[in-house]
Amino acid sequence: MAMIIDGKAMAMGIRKEVAEKVADLKKTTGVEPKLMVVLIGEDPASTIYVKNKEKACKETGINAETIRFPAEIKEEEVVAAVKEINRQKETHGILVQLPIPKHISEEKIIEAISPEKDVDGLHPNNLGRLLKGGLPWFVSCTPMGIMEMVLSTGVEIKGKEAVVVGRSNMVGKPTALLLLARHATVTICHSRTTDLKEVCKRADILVGAVGKPELIKGDWIKKGAVVIDVGINRSEKGLVGDVDFKQAKEVAGYISPVPGGVGPMTIAMLLKNTLTSAARSAGYHLE
Ligand code: NAD
């Protein structure tokens with residue numbers, strides 16, 4: 001029976017630490033970390049995510065503001081707004097809530113964000129630095145959270161077989177690069193991978209970031225593996241991940257649940273990145 005990786009409890013611990021550092025940063029430098037969220041349209045899931053992010057910021061002492069645009073806004077107007085936020089000294093982090101309406105280029109909006117304020121780590125400058133094995137200004141929040149969860153198990157990553165299912169720029173690819181940086185042998189799977197089951201079965205560390213309810217079954221998992229489930233899927237059973245949790249927990253060594261796994265860790269990492277950015281701008285040493 002697998003040990004549960006309690007993302008919710010881990011995230012609470014990180015949030016407490018961030019709140020203490022935010023308070024000290026304010027006291028010693030007068031700088032209050034600020035996150036600016038850009039929300040385009042009224043997608044119900046995005047609206048909830050943004051509300052949760054604002055709430056988490058406030059609870060940690062981070063100032064959060066959301067700029068809301070109607071779905072039909074022109075691309076140039078969003079680019080101009082992002083560039084204006086780049087210039088605001090009091091704003092340390094900018095996050096564009098994805099997905100955005102189809103008529104606006106996601107690439108153009110993300111490229112408009114200053115890499116030094118790109119707390120979501122999606123700017124090509126940050127992704128490129130990660131690829132080179134250098135130090136990005138920021139690493140995307142979900143992959144950062146995934147790594148913290150893997151590290152929390154104490155299982156050595158070096159030399160292990162890691163399989164990441166999903167190749168998005170936000171989750172799959174950066175997670176694979178972070179595992180590679182820690183010397184895992186990494187395989188990235190995607191919708192055209194043949195015999196996904198056989199590849200997953202090789203994994204000592206298996207990350208599911210697909211968006212297909214309970215795609216990964218118990219008999220796809222190597223005994224004792226670390227399984228991190230990133231998926232958030234609404235099904236008739238309620239919220240489920242990409243892994244069949246009931247089956248997988250009988251085989252895995254460690255497994256993260258949905259909900260209460262990667263989701264809360266992603267928000268905790270966003271708070272951490274915003275604090276990091278504010279601390280850098282104030283010349284305040286965090287460690
Ligand atoms: P995405 O749609 O951008 O990418 C999905 C990836 O899965 C693609 O690379 C695709 O090739 C692959 N894929 C699709 N069908 C497949 C199949 N049958 N077999 C193998 N691979 C397949 O999604 P994303 O943004 O990377 O998110 C993935 C999941 O993680 C979603 O459920 C999303 O809601 C969730 N998510 C959770 C958090 C969190 O904080 N917990 C954050 C981001 C994303």
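The values are calculated or read from the model by the stated rules, or taken from the named source; none is laboratory data. Computed from a predicted structure; not experimentally measured. Quick reminder, even Gly has a Cβ in these numbers, built from the backbone with ideal geometry, and neighbours come from all protein chains shown. Ligands, DNA and RNA are excluded from the accessible area calculation, which covers all protein heavy atoms including side chains. Shrake-Rupley method; radii C 1.70, N 1.55, O 1.52, S 1.80 Å.
Scanning segment 233-245 for residues that are in contact with an Asp or Glu (Cβ under 9 Å, 6 or more places away or on another chain) and either outside any strand (DSSP E or B) or under 14 Å from G263 (Cα atoms) (or both) gives N233, K237, V240, G241, D242, D244, F245.
The listed residues are T142, T194, and the only one of them that is within 11 Å of the ligand (Cβ to nearest atom) and surrounded by 18 or more Cβ atoms within 10 Å (Cβ to Cβ) turns out to be T142. The one condition from (1) in the same structural domain as V79 (by TED's automatic domain parsing); (2) touching a Lys or Arg at 6+ places or on another chain (Cβ under 9 Å); (3) surrounded by 20 or more Cβ atoms within 10 Å (Cβ to Cβ) that L127 does not meet is (1). Do the conditions hold for V199, that is, is it in the same structural domain as I146 (by TED's automatic domain parsing), at pLDDT 95 or above and within 23 Å of S140 (Cβ to Cβ)? Against the criterion (in the same structural domain as I146 (by TED's automatic domain parsing), at pLDDT 95 or above and within 23 Å of S140 (Cβ to Cβ)), V199 does not qualify. Of all residues in segment 219-232, those satisfying the criterion of being touching a helix residue (DSSP H, G or I) at 6+ places or on another chain (Cβ under 7 Å) and assigned to a loop (DSSP other than H, G, I, E, B) are I221, K222, V230, I232. Applying the condition of being more than 17 Å from A162 (Cβ to Cβ) and away from the ligand (no atom under 16 Å from the Cβ) to segment 223-250 and asking which residue is surrounded by the most Cβ atoms within 10 Å (Cβ to Cβ) yields K249.
Of everything in segment 112-121 that is open to solvent by less than 20 Å² (accessible area, probe 1.4 Å) and at negative phi, the residue that is farthest from the ligand (Cβ to nearest atom) is A112. Residues of segment 199-243 that are under 22 Å from the mean Cα position of the chain (by Cα), farther than 26 Å from G159 by Cβ and charged (D, E, K, R): K212, E214, R234. Residues that are open to solvent by 30 Å² or more (accessible area, probe 1.4 Å), outside any helix (DSSP H, G or I) and near the ligand (Cβ under 10 Å from one of its atoms) within segment 251-273 comprise V258, P259, listed in sequence order. Summed over segment 163-179, residues that are within 20 Å of L135 (Cα to Cα) and open to solvent by less than 10 Å² (accessible area, probe 1.4 Å) total 5. Within segment 39-88, restricting attention to residues that are closer than 26 Å to E20 by Cβ and acidic (D, E), which residue is surrounded by the most Cβ atoms within 10 Å (Cβ to Cβ)? Within segment 39-88, the match that is surrounded by the most Cβ atoms within 10 Å (Cβ to Cβ) is E54. As an exercise: evaluate E106 against (1) more than 16 Å from the ligand (Cβ to nearest atom); (2) surrounded by 12 or more Cβ atoms within 10 Å (Cβ to Cβ); (3) among the charged types (D, E, K, R) and give the number of the one condition it does not meet. Of the numbered conditions (1) more than 16 Å from the ligand (Cβ to nearest atom); (2) surrounded by 12 or more Cβ atoms within 10 Å (Cβ to Cβ); (3) among the charged types (D, E, K, R), the odd one out for E106 is (1).
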